[in-house]
Amino acid sequence: MLPAVKVFVTRRLPGAALDRLAAEHDVEVWPERLPPPREELVARAPELEGLLSLLTDAVDAQLIEAAPRLRAISNYAVGVDNVDVEAATARGIPVGNTPGVLTDSTADLAVALMLGITRRLCEGDAYVRRGDWETWEPELLLGRDLHAATVAIVGFGRIGRAVARRLQGFGCEILHTSRSGGVPLEELLERSDYVSLHPPLTPETKGLIDAAALRRMKPTAYLVNTARGPVVDTEALARALHAGEIAGAALDVTDPEPLPGDHPLLDAPNLLVLPHLGSATHATRERMADMAVDNLLAGLRGEPMPNQAN
Ligand code: NAP
């Protein structure tokens with residue numbers, strides 16, 4: 001039996017995975033619904049040997065430096081943009097992530113967003129609840145078809161491909177782009193009825209969908225983002241929606257995140273926004289917890305993590 005180490009888990013996780021972690025290590029789980037404030041993380045840093053973080057926790061170079069005993073970081077997400085992976089790697093600290101288990105749930109949600117924005121599900125629901133529904137009308141809340149549409153997949157990896165597979169069932173024409181191939185982004189934006197974003201957030205993809213990119217899209221096209229908020233320039237998107245440069249946007253992720261209830265983007269027309277729910281199913285979040293715990297246990301044992309981002 002290895003000696004118990006100090007492990008901090010920045011939120012309670014669904015399922016029983018954390019029990020497995022606590023059976024082997026000295027674990028503290030942050031008990032609140034909101035993330036631990038920065039000073040709480042920093043206060044634990046000197047003793048910290050293992051960290052299980054969420055995408056809401058900034059595991060930056062400063063925090064890593066303040067934790068001289070840190071030996072394993074396990075992020076409860078596939079994206080690791082909240083972790084300074086370079087700083088961790090420089091210290092020889094493995095960074096775990098949770099690829100694959102959330103692919104299908106996130107792809108499901110991307111399709112839900114496409115249908116939700118184009119078939120005006122939220123508007124329709126609000127219309128009925130307000131008591132505005134008086135009769136069936138030939139031109140009430142008309143949308144556009146997803147079936148047979150041309151759909152652009154930006155970032156043709158696990159999730160992007162899973163979205164494409166689903167849309168084959170809708171008879172869509174799929175165009176895709178990533179650094180390793182596909183249609184050039186400019187051409188893809190010009191030809192598509194839906195543009196669905198699936199790259200990781202990196203310095204290269206930050207602001208990838210800016211004012212110029214939005215202007216290239218058809219005025220009848222929709223933008224769907226289930227990747228990371230900063231891949232889209234928020235101000236440019238708000239302007240494009242107000243100006244009618246695109247037909248609408250459906251966002252699971254935003255910049256900033258969380259998006260305050262009084263944020264100017266929310267005044268834009270034809271916008272559907274969710275609070276980052278891509279992987280939010282019972283089964284997926286439990287699998288992610290298992291994976292994150294497996295990664296942390298391996299890292300603390302000094303073994304390669306089953307899913308390591310560095
Ligand atoms: P993945 O399998 O690594 O796929 C990412 C794809 O993006 C790769 O095909 C990559 O191909 C491409 N890419 C990288 N840089 C690019 C660039 N500059 N321009 C265009 N394409 C680029 O990752 P995944 O599992 O599909 O996850 C993708 C992202 O989704 C994650 O990083 C995460 O941020 C986000 N996500 C969000 C949620 C949510 O709750 N909304 C849930 C899960 C994941 P090349 O290397 O060939 O460019």
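The values are calculated or read from the model by the stated rules, or taken from the named source; none is laboratory data. Since the structure is predicted, the reported quantities are computational estimates derived from the model, not experimental observations. Note that each Cβ is placed from the backbone with ideal geometry, even for glycine, and that neighbours are counted across all protein chains shown. Side chains are part of the model used for accessible areas, which takes the heavy atoms of the whole protein and leaves out ligands, DNA and RNA. Shrake-Rupley method; radii C 1.70, N 1.55, O 1.52, S 1.80 Å.
What are the pairs with Cβ atoms under 6 angstrom where one residue, in segment 254-266, is assigned to a loop (DSSP other than H, G, I, E, B) and the other, located anywhere, is surrounded by 15 or more Cβ atoms within 10 Å (Cβ to Cβ)? Sequence gap at least six, or different chains.
If the second residue must be surrounded by 15 or more Cβ atoms within 10 Å (Cβ to Cβ), the pairs left are THR254/GLY229; ASP255/GLY229; ASP255/PRO230; ASP255/THR234; GLU257/GLY229.
Checking LEU54 against (1) within 16 Å of the ligand (Cβ to nearest atom); (2) of a type outside the set (Phe, Trp, Tyr); (3) open to solvent by 60 Å² or more (accessible area, probe 1.4 Å): exactly one of these is not met. Which one?
Looking at each condition in turn, LEU54 falls short on (3).
Could you tell me which numbered condition ALA23 fails, if it satisfies all but one of (1) open to solvent by 60 Å² or more (accessible area, probe 1.4 Å); (2) out of contact with any Leu (no Cβ under 7 Å at 6 or more places or on another chain); (3) in contact (Cβ under 8 Å) with a residue 12 or more places away in the chain?
(3)
Given the structure, is VAL231 near the ligand (Cβ under 9 Å from one of its atoms) and open to solvent by less than 10 Å² (accessible area, probe 1.4 Å)?
Judged against the criteria, VAL231 is a match.
From the set of residues in segment 269-289 that are more than 12 Å from the ligand (Cβ to nearest atom) and part of a loop (DSSP other than H, G, I, E, B), which is farthest from the chain's Cα centre (by Cα)?
Looking at residues that are more than 12 Å from the ligand (Cβ to nearest atom) and part of a loop (DSSP other than H, G, I, E, B), I get PRO269.
Quick one: would you say LEU251 is within 30 Å of MET291 (Cβ to Cβ) and open to solvent by less than 50 Å² (accessible area, probe 1.4 Å)? It would help to see each step written out before you state the result.
Numbers: within 30 Å of MET291 (Cβ to Cβ): yes; open to solvent by less than 50 Å² (accessible area, probe 1.4 Å): yes.
The answer is yes for LEU251.
I'd like to know if segment 107-126 contains one or more residues that are closer than 30 Å to LEU297 by Cα and touching a residue at least 24 places away in the same chain (Cβ under 8 Å).
Narrowing segment 107-126 to residues closer than 30 Å to LEU297 by Cα: 107.
Restricting the remaining residues to those that are touching a residue at least 24 places away in the same chain (Cβ under 8 Å) gives 107.
So far as segment 107-126 goes, yes, one or more of its residues are closer than 30 Å to LEU297 by Cα and touching a residue at least 24 places away in the same chain (Cβ under 8 Å).
How many residues are open to solvent by 40 Å² or more (accessible area, probe 1.4 Å) and either more than 9 Å from the ligand (Cβ to nearest atom) or part of a strand (DSSP E or B) (or both) if we restrict to segment 144-173?
11
Would you please list the contacts, defined by Cβ atoms under 7 Å and residues six or more apart or on different chains, that run from a residue in segment 155-182 that is farther than 20 Å from SER279 by Cβ to a residue that is away from the ligand (no atom under 13 Å from the Cβ) and small (Gly, Ala, Ser)?
As it stands, the answer is GLY171/ALA148; CYS172/ALA148; CYS172/ALA149; LEU175/SER192, since those pairs meet every condition given.
Can you pull out the residues in segment 295-310 that are in a helix (DSSP H, G or I) and open to solvent by less than 60 Å² (accessible area, probe 1.4 Å)?
Start the filter on segment 295-310 by keeping residues that are in a helix (DSSP H, G or I), which leaves 295-301.
Those that are in a helix (DSSP H, G or I) and open to solvent by less than 60 Å² (accessible area, probe 1.4 Å): ASN295, LEU296, LEU297, ALA298, GLY299, LEU300.
Could you list, in sequence order, the residues of segment 217-270 that are closer than 18 Å to VAL151 by Cβ and of a type in the set (Val, Ile, Thr)?
THR220, VAL224, THR226, VAL231, VAL232, ILE246
Identify the single condition in (1) away from the ligand (no atom under 13 Å from the Cβ); (2) more than 23 Å from LEU115 (Cα to Cα) that ARG179 does not satisfy, given that it satisfies every other one.
Against the list (1) away from the ligand (no atom under 13 Å from the Cβ); (2) more than 23 Å from LEU115 (Cα to Cα), ARG179 comes up short only on (1).
Tell me the residue from LEU185, LEU189 that is at pLDDT 95 or above, under 27 Å from VAL85 (Cβ atoms) and over 16 Å from the mean Cα position of the chain (by Cα), please. Give the steps one after another, and end with the answer.
On the way: LEU189 fails: under 27 Å from VAL85 (Cβ atoms).
It is LEU185.
Looking only at segment 174-186, which residues are of a type in the set (Gly, Ala, Ser) and open to solvent by 70 Å² or more (accessible area, probe 1.4 Å)? Please lay out each step first, then the result.
To start, the set of residues in segment 174-186 that are of a type in the set (Gly, Ala, Ser) comprises 178, 180-182.
Passing the criteria: only SER180.
Which residues, taken from segment 183-209, are part of a helix (DSSP H, G or I) and touching a residue at least 40 places away in the same chain (Cβ under 8 Å)? If you could, list the steps in order and put the result at the bottom.
Restricting attention to segment 183-209, the residues satisfying the condition of being part of a helix (DSSP H, G or I) are 185-191.
Selection gives ARG191 alone.
LEU70: aliphatic (A, V, I, L, M), more than 24 Å from PRO200 (Cα to Cα), more than 16 Å from the ligand (Cβ to nearest atom) and open to solvent by less than 50 Å² (accessible area, probe 1.4 Å), yes or no? So that I can check it myself, show each step before the final result.
Numbers: aliphatic (A, V, I, L, M): yes; more than 24 Å from PRO200 (Cα to Cα): yes; more than 16 Å from the ligand (Cβ to nearest atom): yes; open to solvent by less than 50 Å² (accessible area, probe 1.4 Å): yes.
Yes.
Can you find even one residue in segment 187-208 that is within 20 Å of SER105 (Cα to Cα), within 8 Å of the ligand (Cβ to nearest atom) and open to solvent by 50 Å² or more (accessible area, probe 1.4 Å)? So that I can check it myself, show each step before the final result.
We begin by selecting, within segment 187-208, every residue within 20 Å of SER105 (Cα to Cα); these are 194-201.
Remaining after also requiring within 8 Å of the ligand (Cβ to nearest atom): 198-201.
Checking the rest, the ones that are also open to solvent by 50 Å² or more (accessible area, probe 1.4 Å) come to 200.
The answer is yes, given that some residue of segment 187-208 is within 20 Å of SER105 (Cα to Cα), within 8 Å of the ligand (Cβ to nearest atom) and open to solvent by 50 Å² or more (accessible area, probe 1.4 Å).
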